[in-house]
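Please treat every number below as a calculation from the coordinates, not as lab data. Quick caveat, the model's predicted, so the values are computed rather than measured. Don't worry about glycine lacking a Cβ; one is built from the backbone with ideal geometry, like all the others, and counts go over all protein chains shown.
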């Protein structure tokens with residue numbers, strides 16, 4: 001089954017709990033607040049320039065000039081480590097680039113929301129990054145030395161494999177973490193694609209496979225919804241800026257952290273089992289979640305399902321095992337017959353696909369078979385052959401820097417409404 005192995009650089013994240021004393025906590029908190037203020041200051045200058053002349057181009061040198069003006073106006077920004085300040089500048093620049101990308105998409109899709117980059121509140125800016133391992137941080141036994149902050153205790157529950165590239169200090173639900181990204185050259189086995197499988201993602205059944213297997217995902221968010229709603233009501237009643245409101249927000253954040261960890265733990269175990277189950281490649285729908293959540297009746301259920309998070313974890317694990325994850329066009333996978341290719345309307349309430357060719361099959365299994373056919377170009381007239389999903393290193397590093405901030409879209413949406 002296996003041929004000659006190949007080498008490949010992989011980027012992995014290692015997240016460790018750190019235990020700063022009260023003095024170091026104040027140092028970290030102060031720099032997080034300063035980073036948030038610097039971000040908002042640069043964004044404010046960019047926004048003012050854009051409102052004066054919407055045709056003016058804002059490039060890297062322009063943002064650098066805005067950052068220098070912000071620092072000259074507030075010398076406290078110099079307390080932030082120099083390369084961490086540069087990371088703040090990069091975050092603003094990416095937010096601005098994404099804004100112009102959405103403006104272009106708006107011309108093609110009238111329903112596309114543009115939205116100018118938002119100013120960050122203290123609750124929404126909870127990390128600072130040291131983008132180079134150049135002496136700005138180091139690990140000495142069970143202690144982590146951080147430039148301009150000092151030494152803090154770190155719980156190294158597993159070794160870091162590979163060369164450390166970046167470190168991000170995060171504050172989540174009152175706890176502090178250090179997230180390292182490391183690059184390691186690993187051997188990737190070449191696996192002959194003899195047993196591909198199509199996977200249809202759904203709400204009634206989380207994952208349906210083209211071979212008939214079905215998997216249900218536990219509804220962690222639904223189980224916690226009662227407690228989350230309770231703390232949201234408490235926060236809404238308490239005075240903004242009060243100590244009691246901050247304590248209630250902390251309780252809510254801890255509840256979200258718990259449900260997020262449960263969901264991620266489930267995905268890691270599920271994807272591990274799929275990699276070891278004998279499948280040699282995986283075909284998935286290329287779902288556009290932002291468009292799907294416009295259906296307000298299903299938006300919360302779609303976000304809770306975390307389909308993109310599942311695909312993300314499966315992709316990097318499959319790549320390390322020498323397998324492929326292929327994404328195909330999602331159009332009409334439920335409406336098309338996997339046997340003859342004809343298309344007919346299928347309301348959500350109809351769970352069995354009956355075709356004039358004689359096919360009588362579960363709706364989701366039929367969709368999974370269509371997904372597999374499109375990925376392997378087995379069905380004439382299929383929309384695409386399929387695109388191999390290999391995470392770009394830059395995209396992976398960005399994801400690893402933020403780590404848990406993108407775990408579930410519903411989390412950030414709920415937090416934004418509450419906090």
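Its convex hull of Cα atoms gives segment 4-88 a direction-averaged projected area, equal to a quarter of the hull surface, of 9.9 nm². Reported to the nearest whole Å, the Cα centre-to-centre distance from segment 114-171 to segment 240-267 is 21. Take the alpha carbon gyration tensor of segment 153-251, find the square roots of its eigenvalues, order them as a ≥ b ≥ c, and report rounded if a/c is under 1.5; if not, report prolate when a/b exceeds b/c, else oblate. In terms of gyration-tensor shape, oblate. Taking only the C-alpha atoms of segment 280-360, the Rg (one decimal) and the largest Cα-Cα distance, Dmax (whole number), read 15.5, 43 Å.
Counted by neighbouring Cβ atoms within 10 Å, the residues 45, 175 run from fewest to most as 175, 45.
In a fully extended conformation the segment linking residue 251 and residue 222 would gain 8.7 nm over its present Cα-Cα distance, using 0.36 nm per residue.
For the chain, the Kirkwood estimate of the hydrodynamic radius, built from every pair of different alpha carbons, is 24.1 Å. As an equivalent ellipsoid, segment 186-295 spans semi-axes of 39, 17, 13 angstrom, where each value is the square root of five times an eigenvalue of the C-alpha gyration tensor, largest first. The ranking of 246, 285, 155 by Cβ neighbour count inside 10 Å, starting from the fewest, reads 155, 246, 285. Legend: calculated FRET efficiency, residue 192 to residue 9, from the Cβ-Cβ distance at R0 = 25 Å, rounded to 0.05, equals 0.55. Please compute the Kirkwood hydrodynamic radius over segment 15-187, one decimal place, Å, based on all pairs of different Cα atoms. Averaging 1/r across every pair of different Cα atoms and inverting gives 17.8 Å.
Segment 207-239 and segment 35-63 have Cα centres spaced 38 Å apart. Among beta bridges identified by DSSP and lying wholly in the chain, the antiparallel ones come to about 85 percent. With all pairs of different C-alpha atoms in the average, the Kirkwood value for the hydrodynamic radius of segment 117-196 is 15.4 Å. For segment 1-51, rounded, prolate or oblate, judged on the Cα gyration tensor with a ≥ b ≥ c (square roots of eigenvalues), a/c < 1.5 rounded, else prolate if a/b > b/c? Oblate. Spacing of the modelled spin labels on residue 213 and residue 118, each 7 Å from Cα toward Cβ, amounts to 3.9 nm.
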